[in-house]
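> Sharing a structure, written as structure tokens. Questions coming.
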Amino acid sequence: MNRQEIVAWLEETADSRLAELFHRADEVRASCVGDEVHLRGLIEISSHCERQCTYCGLRRDRRALSRYRLSDEEIFDCARLAVNLGYGTVVLQSGEDDGQTADWLTGIIRRLRATTPLAITLSLGERPDDELVAFREAGADRYLLRFETSDPDLYRRIHPDRPGRRSDRLSLLRRLRDWGYEIGSGVMVGIPGQTIDSLASDLELFRTLDLDMIGVGPFLAHPDTPLGVRAARSEPRQAESSEQMTLKMVALARLVCPRANIPSTTALATIDPTGGREAALLCGANVWMPNLTPVQYRESYEIYPGKACVHDDAQRCARCAAGRIRSLGRRIGVGRGDSPALRARREGAT
Ligand code: SAH
């Protein structure tokens, strides 16, 4: 699919035409990654953050947010629950929290590797190279790091550097791959100042990076962040942060990266609690990330307001996911659900 076609689809709004796109993406999903929907249990291990991202409710200067950091035992309780619920993967996610030291994290990863069969995904932001190498050596399998937008000026505006450290998520993703991680990235859809053309570039970049995992969700304005209060910039070709635009991005991501694992995201479920999850699974998505974070901490991990499923405990999230996946005629993934894209690359190399 060339750039012109991508832009044309992103501009398309007729439901009848979009049904064709979604159907095509669903067929590619079925033939390239099958009917299994993999469950990845999300553990939000810390809400502390050193960064000042203008879109995110965890940003350092947000004094009103109560901060927490899970203890070792809380993390292992969540992991045991993941095993008991039949999940193949846990995702450890947090703000960029210097209070979680590299030694502590390495110990957690090593113990998870030694005591559970789970694949381990990290989503801890930008950490120094030596730490990321140590996490990989300790047994981490995958790393999620969204580049958020491929527009370098917009990225700089919404994701200020840490003093003395230039943020370059694209080169970091490439290094993560070299160190042996499966790599995941993605974007928010409808960031103020983000155009349709820039979404097309995001998709081209997914293809260039040959991602194993792609997460796409709508931008949700957080009233307690700079980007949430500022009136949306009047870009002539501003991309909407709508369900339709997000679904177009999911479908196009499936077409440009046929073997990637693509989640049906919580942000999409937040703007459409009754049908968002299903809609994404029907136009390219093949992963669901049920929340395992202990319920008492959920509200403090407030990257955006009104997050879906915030009061549902892990058992309830698991039952809900299973029921909704089966009602679509799909199967729940068994095992770790490693990257089909990675497998194809390895086979190509031998
Ligand atoms: N600190 C980690 C994890 C961040 S949370 C990191 O930076 O990678 C995971 C994702 O939530 C982010 O990558 C971002 O794409 C998304 N997110 C953050 N704020 C959001 C908002 N206001 N609306 C929608 N998605 C948001």
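All of the numbers you see were taken from the coordinates with simple rules; none came from a lab. This structure is a prediction, so every number in the text was calculated from the model and none was measured. Every residue, glycine among them, receives a Cβ derived from its backbone with ideal geometry; neighbour counts consider all protein chains shown.
> Select from region 241-269 the residues that are closer than 20 Å to residue 327 by Cα and either assigned to a helix (DSSP H, G or I) or aliphatic (A, V, I, L, M) (or both) and list them in ascending order. Spell out how you get there, then give the answer.
In the first step, residues of region 241-269 are kept if they are closer than 20 Å to residue 327 by Cα; the result is 247, 262-266, 268-269.
Listed by number, the residues that qualify are 247, 262, 266, 268, 269.
> Given the structure, is residue 65 over 14 Å from residue 294 (Cα atoms) and among the aliphatic types (A, V, I, L, M)? Working first, answer last.
Details: over 14 Å from residue 294 (Cα atoms): yes; among the aliphatic types (A, V, I, L, M): yes.
Yes: the conditions hold for residue 65.
> Next question, about the same structure. Which residue pairs have Cβ atoms closer than 7 Å, lie 6 or more positions apart in sequence or on different chains, and pair a first residue in region 42-66 that is free of Cβ contacts under 8 Å to residues at least 60 places away in the same chain and more than 19 Å from residue 158 (Cα to Cα) with a second residue that is near the ligand (Cβ under 9 Å from one of its atoms) and assigned to a loop (DSSP other than H, G, I, E, B)?
46/95; 46/97
> Separate question: Just for region 46-73: of the residues that are within 15 Å of the ligand (Cβ to nearest atom) and outside any loop (DSSP other than H, G, I, E, B), which one is farthest from residue 305 (Cα to Cα)?
69
> Which residue out of 226, 192 is surrounded by fewer than 24 Cβ atoms within 10 Å (Cβ to Cβ) and out of contact with any Leu (no Cβ under 8 Å at 6 or more places or on another chain)?
Numbers: 192 fails: out of contact with any Leu (no Cβ under 8 Å at 6 or more places or on another chain).
The unique qualifying residue is 226.
> What are the pairs, 6+ residues apart or on separate chains, where a residue within region 80-99 that is within 15 Å of residue 332 (Cβ to Cβ) has its Cβ under 7 Å from a residue that is within 16 Å of the ligand (Cβ to nearest atom) and basic (Lys, Arg)?
Filtered contacts from region 80-99: 87/40; 89/40.
> As an exercise: evaluate residue 346 against (1) of a type in the set (Lys, Arg); (2) over 18 Å from residue 43 (Cβ atoms); (3) touching a strand residue (DSSP E or B) at 6+ places or on another chain (Cβ under 9 Å) and give the number of the one condition it does not meet.
(3)
> Among the aliphatic types (A, V, I, L, M) and within 30 Å of residue 87 (Cα to Cα): which single residue out of 260, 239, 221 fits that description?
Working: 239 fails: within 30 Å of residue 87 (Cα to Cα); 221 fails: within 30 Å of residue 87 (Cα to Cα).
So the residue among 260, 239, 221 that is among the aliphatic types (A, V, I, L, M) and within 30 Å of residue 87 (Cα to Cα) is 260.
> Name the single residue, out of those in region 185-200 being part of a helix (DSSP H, G or I) and among the hydrophobic types (A, V, I, L, M, F, W, C), that is farthest from residue 340 (Cα to Cα).
First, pick out the residues of region 185-200 that are part of a helix (DSSP H, G or I): 196-200.
Going one step further and asking which of them are among the hydrophobic types (A, V, I, L, M, F, W, C), we end up with 196, 199-200.
Details: 196: 29, 199: 25, 200: 24 Å.
Checked region 185-200; the qualifying residue farthest from residue 340 (Cα to Cα) is 196.
> So which pairs qualify, if the first residue must be in region 1-27 and closer than 13 Å to residue 247 by Cα, the second must be among the aliphatic types (A, V, I, L, M) and assigned to a loop (DSSP other than H, G, I, E, B), the Cβ gap must be under 7 Å, and the two must be at least 6 apart or on different chains?
Close Cβ pairs satisfying both conditions: 22/282; 26/282.
> If I filter region 201-229 down to residues being of a type outside the set (Lys, Arg), assigned to a helix (DSSP H, G or I) and closer than 16 Å to residue 146 by Cα, which single residue comes out as nearest to the ligand (Cβ to nearest atom)?
To start, the set of residues in region 201-229 that are of a type outside the set (Lys, Arg) comprises 201-206, 208-229.
Keeping just the survivors that are assigned to a helix (DSSP H, G or I) gives 201-206, 208-209, 226-229.
Narrowing the set further to residues that are closer than 16 Å to residue 146 by Cα leaves 201-206, 208-209.
Values: 201: 17, 202: 12, 203: 16, 204: 19, 205: 15, 206: 14, 208: 19, 209: 15 Å.
Applying the filter and picking the extreme gives 202.
> Given the criteria buried (at least 16 other Cβ atoms within 10 Å of the Cβ), out of contact with any Ser or Thr (no Cβ under 7 Å at 6 or more places or on another chain) and not in a helix (DSSP H, G or I), does residue 39 qualify? Even if it seems obvious, please write down each step before you answer.
On the way: buried (at least 16 other Cβ atoms within 10 Å of the Cβ): yes; out of contact with any Ser or Thr (no Cβ under 7 Å at 6 or more places or on another chain): yes; not in a helix (DSSP H, G or I): yes.
Answer is yes for this residue.
> Now, a different point. Suppose we keep only residues that are β-branched (Val, Ile, Thr) and surrounded by fewer than 18 Cβ atoms within 10 Å (Cβ to Cβ) within region 108-160. Which one would you say is nearest to the ligand (Cβ to nearest atom)?
Let us first name the residues in region 108-160 that are β-branched (Val, Ile, Thr), namely 108-109, 115-116, 120-121, 133, 149, 158.
Then keep just the ones that are surrounded by fewer than 18 Cβ atoms within 10 Å (Cβ to Cβ); that gives 115-116, 133.
Details: 115: 25, 116: 22, 133: 18 Å.
The extreme case among them is 133.
> Condition first: among the acidic types (Asp, Glu), within 16 Å of the ligand (Cβ to nearest atom) and either part of a strand (DSSP E or B) or out of contact with any helix residue (DSSP H, G or I) (no Cβ under 7 Å at 6 or more places or on another chain) (or both). Can you find one or more residues in region 301-313 that meet it? Before the answer, list the steps.
The initial filter retains those residues of region 301-313 that are among the acidic types (Asp, Glu), namely 302, 312-313.
Then drop every residue that is not within 16 Å of the ligand (Cβ to nearest atom), which leaves 302.
Restricting the remaining residues to those that are either part of a strand (DSSP E or B) or out of contact with any helix residue (DSSP H, G or I) (no Cβ under 7 Å at 6 or more places or on another chain) (or both) gives 302.
Checked against the condition, which is being among the acidic types (Asp, Glu), within 16 Å of the ligand (Cβ to nearest atom) and either part of a strand (DSSP E or B) or out of contact with any helix residue (DSSP H, G or I) (no Cβ under 7 Å at 6 or more places or on another chain) (or both), region 301-313 yields at least one hit.
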